[in-house]
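Notes to accompany the following structure.
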Amino acid sequence: MLNKIKALKEEIEKSQAQTLEEVEQLRIKFLSKKGEISNLMNDFRTVPNELKKEVGKELNLLKSFAQETISNLKNSFEAADQGKTGIDLTLPGEAMKPGTRHPINLVKNEIIDIFTRLGFKVSEGPEIEDDWHVFSALNFPLEHPARDMQDTFFIEKDPDVLLRTHTSSVQVHEMEELTPPIRTVTPGRVFRNEAISARAHCIFHQIEALYIDENVSFADLKQTLTYFAKELFGEETQIRLRPSFFPFTEPSAEMDVSCTLCSGKGCNVCKGSGWLEILGCGMVDPNVLDSSGIDSKKYTGFALGMGIERITMLKYGIKDLRLFFENDVRFLRQFASAL
C-alpha cells in the first residue's frame, strides 16, 4: 500500500494540463468518488492493524497534496484568463445606488401627516367615476363648463362615465356612507383635458380635506388652514383668504401664503406681490350635504383642496411641472436627502 501511495504521488507531481478542461479531468482521475485516491481509501480496510496508523497518515497527505496541486493548476489558468480580459472576476460587483421617493410622494405624505395629526383619516376612491359623484352631488349645474369635453375626459355617455377631475368625488362617497362627524383627507390622481406645458398637465395630483360636524364654522376652517401652512412652510408663514366661488362651497375662498422664497418682500416667483396662491376652500354648501343624505340643518362643514404639484414646485423651487412625469434619474436623485 505504501508503494502504491508513493507511485501515485509521483504521478500527480508529473501531471500537466494545457486547458481548464484537462485540469478537470485530472481532478476526476485522482479525487472523484471513483478516482484512484478513493480506490486506495477502499483498500485501506485490508491493511494490517499495526500499519493502519502509518498508511492512514500517508493517505491523508496524498489527498491533500492532490487537492493542492490541482487547485494550483486551476488558479494558474484563471490568472492567465484574467490577464487577457483585464477583468478581475474575484472583485465584488458595483453596488446599486438606492432609489428615492418621488417629490410628489414626499409632499403628499407630509401633507397627510399634518392632517392626520388633526384627527383626519385618509380616504381613497376610484379614478373612473360617474357624473353623480364628480358633478351632480357637488352642486355643479348642468350647463357648467367642467362637464364639457373641452375640460373632462369622458369614457362613456348616457350615463356619463369619466375620469375624475378632482378628488372631491371620494368625499361624496364618504358622505354617503358615513354618519357625521366626518374628518377625511383624500389624496389621488386626477385628469383634465388641458394642454401640457411647464405650468399645466392633463394628469396631476390633488389632496382635499373635509370636516363635517355640528357647529363647524369658518373660524374652524381658518384655524386649520393657519396650522397647515405653518407646519408645511414654516412657523413664520402668513396666510390670507380672498373671496372666490366654487359650486360645492358657500362662502368660498382662495388661500395665499406669504412667499417662502422672498419672505413676503416680492420676487419673480410671487410676481412682486409677496403672496402665493396654494388652495381653494370654503364651507360645504347645504345642497351638497342634502344630496348625500346629511341633514344640512343639523350639520355644517368645511372643505379645502390643493394641487400637490403646485405645492411641490413652491416647496422645492421647481419651475417646470413636466419634470414630475419624465422619470429623469438626475432630477429624482436630488430628493434623496429629503427622505
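Laboratory data are not the source of any read-out in this text; all were calculated from the coordinates shown. None of these values were measured; they are calculated from a predicted model. Neighbour counts run over all protein chains shown; Cβ positions are idealised from the backbone, glycine included.
Is the stretch 196-279 best put as rounded, prolate or oblate by its Cα gyration tensor, with a ≥ b ≥ c the root eigenvalues, rounded for a/c under 1.5, and otherwise prolate when a/b is larger than b/c, oblate when not? Note, shape of the stretch 196-279 comes out oblate.
How tilted is helix 218-233 with respect to the longest principal axis of the chain? Cα atoms for both, answer in degrees (0 to 90, nearest 10). With rounding to tens, the tilt is 30 degrees. Take each peptide in 305-317, 153-165, 102-114, count the other Cβ atoms within 10 Å of every residue, and average; sorted highest first, the result is 305-317, 102-114, 153-165. Cysteine residues of the chain whose C-beta has no other cysteine C-beta under 4.7 angstrom: 202, 281. To the nearest whole percent, what portion of all C-alpha pairs in the stretch 261-339 is separated by more than 14 angstrom? Taking all Cα-Cα pairs of the stretch 261-339, the fraction more than 14 Å apart is 74 percent. For the pair residue 46 and residue 178 in one chain, pulling the backbone fully straight at 0.36 nm per residue adds 38.6 nm over the alpha carbon distance. Within the shell defined by Cβ-Cβ distances under 13 Å, the residues around residue 130 carry a net charge of -4, with Lys and Arg each +1 and Asp and Glu each -1.
With both labels modelled 7 Å from their Cα along Cα-to-Cβ, the residue 91 to residue 315 distance reads 4.0 nm.
For a quick protection proxy, order the peptides 242-251, 191-200, 89-98 by their average other-Cβ count within 10 Å, most packed first.
Values: 242-251: 16.0, 191-200: 13.1, 89-98: 6.7.
Ranking the peptides 242-251, 191-200, 89-98 by packing returns 242-251, 191-200, 89-98.
Axis angle, to the nearest 10 degrees, between helix 168-177 and the longest C-alpha principal axis of the chain: 80 degrees. Of all the options 210, 51, 323, the one that moves most in a Gaussian network model of the chain with Cα springs shorter than 10 angstrom is 51.
Estimated at 0.36 nm per residue, the fully extended path between residue 263 and residue 71 surpasses their Cα-Cα distance by 61.9 nm.
Ordering 284-294, 55-65 by mean Cβ neighbour count within 10 Å, with the highest value first, yields 284-294, 55-65.
Using only Cα atoms, what is the ratio of the radius of gyration of the chain to 2.2 N^0.38 Å?
Values: Rg = 37.6 Å, N = 339, 2.2 N^0.38 = 20.1 Å.
In units of the globular-protein estimate, the chain measures up at 1.87.
Computed from backbone phi, the HN-Hα couplings of the stretch 307-316 come to x, 5, 4, 5, 5, 5, 4, 5, 5, 10 Hz, rounded to whole numbers (Karplus: 6.51 cos²θ - 1.76 cosθ + 1.60, θ = phi - 60°; Gly and Pro given as x).
Computed from Cα positions, the angle between helix 103-116 and the longest principal axis of the chain comes to roughly 60 degrees. The stretch 255-314 and the stretch 172-239 have Cα centres spaced 7 Å apart. Taking label points 7 Å from Cα along the Cα-to-Cβ direction, residue 153 and residue 273 give a separation of 3.0 nm.
Which of the residue pairs 97/265; 222/271; 14/52; 97/121 have a Cα-Cα distance greater than 31 Å in the structure shown? Don't jump to the answer; show the numbers that get you there.
Numbers: 97/265 41 Å; 222/271 25 Å; 14/52 27 Å; 97/121 35 Å.
Over 31 Å apart, Cα to Cα: 97/265; 97/121.
Applying the Karplus relation 6.51 cos²θ - 1.76 cosθ + 1.60 with θ = phi - 60° to the stretch 121-136 yields 3J(HN,Hα) values of 9, 8, 10, 10, x, x, 7, 9, 10, 9, 4, 4, 6, 8, 10, 4 Hz, where x marks Gly and Pro. Summarising the amide proton neighbourhood of residue 161: residues at separation of 5 or more, or on other chains, whose placed amide H is nearer than 5 Å comprise 155, 156. A simple spin-label model places pseudo-atoms 7 Å from Cα toward Cβ; at residue 102 and residue 336 they are separated by 2.0 nm. Extension gain, residue 22 to residue 57: 0.36 nm times the residue separation minus the Cα-Cα distance gives 9.7 nm. For the stretch 2-85, the equivalent ellipsoid derived from the Cα gyration tensor has semi-axes of 30, 11, 9 Å, listed largest first.
For the stretch 168-210, the Kirkwood radius over C-alpha pairs fed into Stokes-Einstein at 20 °C and 1.002 mPa s yields D = 180 µm² per second.
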